[in-house]
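Asks: I am attaching a structure below and will ask some questions about it afterwards.
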Amino acid sequence: MSVETTTETAPVPKRGMNILFGLTLLGLLLFLWLLLGMSTTSFWTSNNISNLLRQGSMTAILAVGQTFVIITAGIDLSVGAVVGFASVTIAWLLQAGVPLWPAMGLTLLVGVAIGAFHAFGIVRMGLPAFIITLATLTSLRGIGLLITNGSTISISNDAFTDFSRADFLGVPSLFWMVLVVAVPAYIFLHLSRWGRYLFAVGSNSEAARLSGVNVNRTIYLAYILSSTCAAFVGLLLASRIGIGNATQAEGWELQAIASSVIGGTSLFGAVGSVHGPLLGAFILATINNGANLLNVNSFWQRIITGALIIIIVYFDQLRRRASR
Amino acid sequence: MTGLHDITKLHAEGHPVAKGEPILELRGLQKKYGAVEALKPANITFLSGEVHAIVGENGAGKSTLIKLLTGVIRRTSGEVFWCGKSVQLATPTEAIARGINAVHQEVVLCRHLTVAANMFLGDEIQANGLMRKRAMTEAAQAVLDDLGFNLPAGALLSDLTIGQQQLVATARAAMRGTQFLIFDEPTAYLTRQESAQLFRLIRRLQSEGVTIVYISHRMEEVFELADRVSVLRDGTHVGTRLIGETNDAELISMMINRTIEQIYHKEHLPIGETIVETRGLSGPGFDDISLSVRAGEIVGLYGLIGAGRSEFALGLYGRQPVSGGEIFWQGDKVKIANERKAMDLGIALAPESRRDQGLCLNLPIGLNINLPIFDRLTKGLTINRRREIENADKQISDLKIKTPTRRVLASAMSGGNQQKIVIGKWLSHGAKLFIFDEPTVGVDVGTKAEIYRLFARLLEQGAGIILISSYLPEVYELSDRLHVFRQGKLVASHTYRSASHEEVLTQAIGV
């Protein structure tokens, strides 16, 4: 069988490949930090670093949830709206006198319900993920505005609002929250069977189904996790700005998707990790932060971010093609 | 009689080659997909104005050849001469511009457009940048009437039968100044009457100097239409014959590898208890199917594509809802509501399409192999890495999957190795009843033999096998019992070698 022998030279991926790509991103992040450290005096101040970590943390958590969905070859456009809606929910509950912990629990449950609704629309009603999450994006903003009558609800619970300003071991507590999400997310995606199922469904849902994978349940799981992460970020945001407002976090869904994609997630599904989107989120945060420090016009920031997405994903494509 | 070309001469080109002279010559034409040689270097000459039939089993390289000639795929090596000049045929546009066209088995037209719009698609009659619909409809109607098709040019394509759509596709190719027209199993979905219309059209095109390549499984069509016939087998051009100098028997022996006895590894094992029995099972695409599988036997399901065999398998496996009938598993009546239920009973399915149903192609081999058993590999919250690796490596070495590591993506494997991955999945899961749906399509001969030996091993362990195949020698030589499907129904049953090939084929086609 001379035909077969050539198969032996088939490309050998790539246990190292994911790690390598992660290291490239980490290198890029460190390079940006070094560059900004040299070109500005204010970058390496504890104030600025804390600020940077706070900025990046919320996008990072959103991006991790988003990545679960994208790995199943779906998309969740609603996460920004869920953040805003969750901030309204917690503010409203606290205003109504619900104690802090139950109020936070209920807010997270709202996130679970929204995710379940998305999965319901996809699995039972046969709607494309893009459509159902686009619909909730606008509807949730509307419902939030209806509840608040178009204004904001301020939060007077000091224990709640102090949290986001607090540090733990000299690191902002918001950044610790990234670890609180990322560690279980890593175990879930890379070490448990559920993670394998996410990849399998994203690669070929019919093959997964015929192998006994409960495809519907897997899709429910992905969207619920994404929305719950978003509701969690809503709590963090409400704590940080001290108000509940349905129009907050405008466009964060795109930040989250961008972070995920910069982190090596493929929008075609079945490719992604937990550390990738984390790095992606902090790269984006660093660019915004650096541009502010360098007094770059905020319009330029947007242009640079867009260009960066194209460049990074293009190089990722080249790498994948080379490894074929 | 006015010729088609006079009515709508869209690509006016003089006829460059006299009748009977070579119009298209293939010299060492070869196509490789990665490691797999889909077409071994072939030398075939097509003569101007002839009807040249091409026959061969599934996977013999016929469709590869068509795709090469119509510019859908690019050749790996070799040369093609069109009217004596070397040509690239790199894109469909180039092929069409030179006058090479194909009518495919499955109609590739726009269903929501009218017949006329389809016939003129990409070549619309325009005036001042606007389409002239009425002119197109009239011109199309003239062509259809001239061909004697009795089809309304203004009707939507989706309102026609598949057969009528095929005729439209042919008319479309005919009116484009086609000099070289390839038919890919055109009668697969046609009624007899429609086939007769098509044959008349083919003869007429031939009389107008068009060269026809006719691909078919059906010997009687080949002998009715063709001047010469070429035979492909396992990607090799075995030979070309004048139709008057050959016969069925010779062509079939050329098509089928004569080393059958060496390939088909058949052991007759003692037959055990009944594993599964269906009584009047019906569902989408299959109707009233009653059959049983016993331990130690292979039950073959033969039929043409779309005869309901795969649908029956998916119904039995819980993938498709069953609308009627009963399933008995080892004597007990069961309902199989989903795939998991089927797996838990002990049914494994290696589905028809590796690409669409069998594998997660852009994921590693190891993950694919372990996919059905991750619940077993899980301990507490996480997967037991060591057992995951051990199982994947065990299947890779047991099945001789040719890969350096389990981390290689399934897409990098050849067809045979991919099929082994699918099988490996189910060996690690274990089952009492294995359903293999077209297990050897696109698989090289050596791997085929390995797969057949594997069947014997499963049977020895007390399993039963349902073998679905469109490749008659395979089901014929391996099955202890052979059931023939036609149009969703089980039409005939045979024991091992109790009927001739011709008999089985006739029952499947329903002549």
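Read-outs throughout are calculated quantities, based only on the coordinates presented, and are distinct from any laboratory measurement. None of the values given here were measured: they were computed from a predicted structure. In this analysis, Cβ positions are derived from the backbone assuming ideal geometry, glycine residues included, and neighbour counts consider all displayed protein chains.
Asks: What does the structure give for A:183-196 when I average, per residue, the other chain Cβ atoms found within 10 Å of the residue Cβ?
Replies: Details: counts 0, 1, 0, 0, 2, 2, 0, 2, 5, 6, 12, 4, 3, 10.
The per-residue average across the peptide is 3.
Asks: At each listed q (0.06, 0.12 Å⁻¹), what is the log10 of I(q)/I(0) that the Debye formula gives for chain B modelled as equal alpha-carbon point scatterers?
Replies: Here log10 of I(q) over I(0) equals -0.33, -1.16.
Asks: Would you please state which residues of the range B:290-322 a label at B:ARG279 would reach in this model, taking the label point 7 Å out along Cα→Cβ and a backbone N cut-off of under 15 Å?
Replies: B:290-293
Asks: Continuing with this model, one more query. Spin-label point model (7 Å from Cα, Cβ direction): what's the A:ILE241 to B:ARG385 distance in nm?
Replies: For A:ILE241 paired with B:ARG385, the spin-label model returns 4.2 nm.
Asks: Sorting check: for B:195-206, B:456-467, which peptide has the highest mean count of neighbouring beta carbons within 10 Å, and how do the rest follow?
Replies: Values: B:195-206: 17.7, B:456-467: 19.3.
Output ranking for B:195-206, B:456-467: B:456-467, B:195-206.
Asks: Work out the count of Lys pairs in the range B:397-502 where the Cα-Cα distance is under 16 Å, with the pair 8 or more places apart or on different chains.
Replies: For the range B:397-502, qualifying lysine pairs total 7.
Asks: Would you mind ranking A:ILE61, A:ILE132 by Cβ crowding within 10 Å, fewest neighbours first?
Replies: A:ILE132, A:ILE61
Asks: In the Gaussian network model of chain A, springs joining C-alpha atoms below 10 Å, which of A:THR107, A:THR59, A:THR148 carries the largest mean-square fluctuation?
Replies: It is A:THR148.
Asks: So for B:LYS432, B:LYS133, fewest C-beta neighbours within 10 Å to most, what's the order?
Replies: Values: B:LYS432 19, B:LYS133 15.
With the fewest neighbours first, B:LYS432, B:LYS133 line up as B:LYS133, B:LYS432.
Asks: Give, as ranges by residue number, the residues of the range B:109-144 whose backbone N falls under 15 Å from the point 7 Å along Cα→Cβ of B:LEU156.
Replies: Hits in the range B:109-144 for B:LEU156 at 15 Å: B:110-118.
Asks: Would you mind putting A:269-278, B:281-290 in packing order, based on average other-beta-carbon counts within 10 Å, highest first?
Replies: A:269-278, B:281-290
Asks: Here is a follow-up. Which three numbers, in whole Å and largest first, are the semi-axes of the equivalent ellipsoid of the range A:57-210 derived from its Cα gyration tensor as √(5λ)?
Replies: On the way: eigenvalues 183, 97, 28 Å².
After scaling each eigenvalue by five and taking roots: 30, 22, 12 Å.
Asks: Given Cα positions, please report Rg to Rh for the range A:59-323, the hydrodynamic radius being the Kirkwood one.
Replies: 0.98
Asks: Which FRET efficiency value, to the nearest 0.05, is calculated for A:LEU106 and A:ALA135 with the Förster distance at 22 angstrom and r the Cβ-Cβ distance? Intermediate results must be reported in sequence, preceding the final value.
Replies: Values: r = 23 Å, r/R0 = 1.07.
Efficiency, from the Cβ-Cβ distance: 0.40.
Asks: Here is a follow-up. Determine, from the Cβ-Cβ distance of B:PHE223 and B:ASN43 and an R0 of 22 Å, the FRET efficiency 1/(1 + (r/R0)^6), rounded to the nearest 0.05.
Replies: The computed FRET efficiency comes out at 0.35.
Asks: Taking the Cβ-Cβ separation of B:PHE328 and B:GLU460 as r and a Förster radius of 25 Å, what is the calculated FRET efficiency to the nearest 0.05?
Replies: Efficiency computed from Cβ-Cβ geometry: 0.55.
Asks: Please work out the Kirkwood hydrodynamic radius for the range B:307-376, using every pair of different C-alpha atoms, and report it in angstroms with one decimal place.
Replies: Over the range B:307-376, the inverse of the mean reciprocal pair distance is 13.6 Å.
Asks: Okay, moving on. Over all alpha-carbon pairs in the range B:357-430, figure out the percentage whose distance exceeds 20 Å.
Replies: The share of Cα pairs beyond 20 Å in the range B:357-430 comes to 20 percent.
Asks: P(r) tail for the protein assembly as shown, what percent of Cα pairs lie past 52 Å?
Replies: 29 percent
Asks: Partner chain Cβ atoms within 10 Å, averaged over the residues of B:378-387 - can you pull that number for me?
Replies: Whole-number average of other-chain Cβ neighbours for B:378-387 is 3.
Asks: Considering the Cα positions of the range B:156-283, please state its Rg to one decimal place and its Dmax as a whole number of Å.
Replies: Expressed in Å, the Cα Rg and Dmax of the range B:156-283 come to 20.5, 64.
Asks: Please check which bits of the range A:27-61 a label hung off A:ILE311 would reach, taking the label as a point 7 Å along Cα-to-C-beta and the cut-off as backbone N under 20 Å.
Replies: A:27-40
Asks: Also, I was wondering about something else. In whole Å, largest first, what are the principal axis extents of the Cα atoms in the range B:223-353?
Replies: Projected onto the principal axes, the Cα atoms of the range B:223-353 cover 58, 34, 22 Å.
Asks: Okay, next question. Between A:ARG124 and A:TRP176, what is the spin-label point distance in nm, taking each point 7 Å from the Cα along the Cα→C-beta axis?
Replies: So the two model labels end up 4.0 nm from each other.
Asks: For the range B:366-418 and the range A:81-116, write down the distance between their C-alpha centroids in whole Å.
Replies: 43 Å
Asks: Turning to a different aspect of this structure: With no solvent and one point per C-alpha, what does the Debye sum give as log10 I(q)/I(0) for the range B:81-148 at q = 0.25, 0.27 Å⁻¹?
Replies: -1.14, -1.20
Asks: Please compute the volume of the convex hull spanned by the alpha-carbon atoms of the range A:35-122 and report it per residue in Å³.
Replies: So the per-residue hull volume is 136 Å³.
Asks: Taking the number of other C-beta atoms within 10 Å as the exposure measure, put A:VAL201, A:VAL215 in order starting with the fewest.
Replies: Ascending Cβ contact count within 10 Å gives the list A:VAL215, A:VAL201.
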